[in-house]
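One structure is given below, encoded as structure tokens.
Derivation of every value follows stated rules applied to the coordinates shown; laboratory data play no part. Because the structure is a prediction, the values reported are computed rather than measured. Cβ atoms come from the backbone with ideal geometry, glycine included; neighbour counts cover every protein chain shown.
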């Protein structure tokens, strides 16, 4: 049964957003079923759909996949976004883990009390500009290619673009010291599948707002 | 260049232990360079050895690999512990990611402030016995095979064993309700490379003691 992948999550970004990005970049159409109340989540749990009682869950190729990284790795490999050999995969994995850490710092900010949030926002900006972005800027500088690994679009590029845009939502000029990342952002955003995903009306989710924080707290 | 992988971390389990387990299970000899002071970490950061300024770092096949998942993925693939195709990899990944979640809970127990420790312990036991262990018990029951995925030894088996042992350190009878996990534990422990790793004198690290926490804090903070 071919069918489109079906995503089970809340109507927000959270841990599902990277999966939406990857599917969209690969040109794969997908459906979404949104969890709106605690009952929705309980129903999924009770009918045995969630291996570890958690979402994200993605129905794909006859499986009910859970665990964000497992899902992302599967999609990346299936759609040839995971490099051509073991060494390229190693680099893609290292880069993706870095952008995962960075996005993790941003994702939970709206759920924190105001004073902690301010401190963590400052920490995120520091890490972004001194720990993470310099690595990707240097990678692009060293090989002079359009893409991070193997001179070909991969999961690492898609994940980096997602992280850049998320960081810019926090601080619009966060890329000011990184000319190659700015060019990378422009270039990668123009890839047809990604350009489409960045347009209004796509399945890309907006940044979280206070109302949604309350809804999420009730569900989980 | 000796050719053996070289592990850079402090002399404890932390995020490097799963990597030690995987290399040992694969029968790969490795060397270790221990960070003892903050200066040791700073030196590594300054000489450009750490891509994101963090350890674990493993020198392997001409690379200075960082990020524990990236390192484990590489080792598992290289030594044929990652399934035979994409679907087996997907199952292995799902099982391993959940094990990592449980490991995080187990690992952070020593760092809990005294007033939170009891509740944290209760959370560990609850999650282990209600969320995670039942899944692996059922997997083994459903297919009746010796290994979790594909009737063949994989990284999922290695990492599950590691976690079962760590959970037992927390609560010795934690596997009481899981007969298949008990026999799994015995069976996998008897695999020659793993049996060797479980013997005294191996590179397996002991659990973190509370008295070691201040030294650790000095290196990383």
Could you state the orientation-averaged shadow area of the convex hull built on the Cα atoms of chain A, in nm² to one decimal? 12.6
In a Gaussian network model over chain B where Cα atoms closer than 10 Å are linked, find which of B:106, B:51, B:175 has the largest mean-square fluctuation. B:51
What whole number of Å gives the distance from the Cα centroid of the stretch B:117-177 to the Cα centroid of the stretch A:120-194? 39
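So in the stretch B:1-159, what percent of DSSP beta bridges are antiparallel if you round to the nearest 5? Walk me through the intermediate numbers first.
Values: 7 of 12 bridges.
Counting only bridges with both partners in the stretch B:1-159, antiparallel ones make up about 60 percent.
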For the stretch B:86-190, the percent of all C-alpha pairs falling in each 10 Å bin, from 0 up to the bin holding the max distance, is 14, 49, 28, 8, 1
A:15, A:185, A:171, A:218 arranged by Cβ crowding within 10 Å, fewest neighbours leading: A:218, A:171, A:185, A:15
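Taking the stretch A:86-190 on its own, what percent of its Cα-Cα pair distances exceed 21 Å? Working shown, then result.
Values: 1720 of 5460 pairs.
Here the long-distance tail beyond 21 Å is 32 percent of all Cα pairs in the stretch A:86-190.
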FRET E, pair residue A:4, residue B:115, Förster distance 60 Å, beta-carbon r, rounded to 0.05: 0.75
Volume per residue, Å³, of the convex hull around the alpha-carbon atoms of the stretch B:13-126? 132
Between A:107, A:63, A:16, which gets the highest mean-square fluctuation from a Gaussian network model of chain A, Cα cutoff 10 Å? A:63
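Please compute the contact order of chain B in relative form: average sequence separation of alpha-carbon pairs under 8 Å and at least six residues apart, divided by the residue count, as a percent. If you can, show how the numbers build up before the last one.
Details: 248 pairs, mean separation 60.5, N = 221.
RCO, chain B: 27 percent.
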Convex hull volume per residue for the stretch A:39-145, taking Cα atoms only, in Å³: 132
Once residue A:31 and residue A:193 are pulled to full extension, the length gained, defined as 0.36 nm per residue separation minus their Cα-Cα distance, is 56.7 nm
Each label point is 7 Å from the Cα along the Cα-to-Cβ direction; what then is the distance between the points at residue B:47 and residue B:213, in nm? 3.3
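Relative contact order of the stretch B:13-110, please, whole-number percent, based on alpha carbon pairs below 8 angstrom and at least 6 residues apart. Before the final figure, lay out each step's value.
Numbers: 49 pairs, mean separation 21.9, N = 98.
That works out to 22 percent.
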Sorted by Cβ density within 10 Å, fewest first, the residues B:121, B:10, A:34: A:34, B:121, B:10
By Cβ neighbour count within 10 Å, fewest first, B:74, B:9 rank B:9, B:74
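Which whole number in µm²/s is D for chain B by Stokes-Einstein, with the Kirkwood Rh taken over Cα pairs at 10 °C and 1.306 mPa s?
On the way: Rh = 18.4 Å.
Approximately 86 µm²/s, per Stokes-Einstein.
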Fraction of beta bridges assigned by DSSP in the protein assembly as shown that are antiparallel (%, nearest 5): 60
Take the Cα gyration tensor of the stretch A:93-141, multiply each eigenvalue by 5, square-root it, and list the three semi-axes largest first, rounded to whole angstrom. 24, 12, 5
Using a Förster distance of 25 angstrom, determine the FRET efficiency expected from the C-beta separation of residue A:45 and residue B:101, and round it to 0.05. 0.95
If you take the alpha carbon radius of gyration of the protein assembly as shown and divide it by 2.2 N^0.38 Å, what ratio comes out, to two decimals? 0.98
Listed residues B:183, B:49, B:18, most fluctuating in chain B (Gaussian network, C-alpha, under 10 Å): B:183
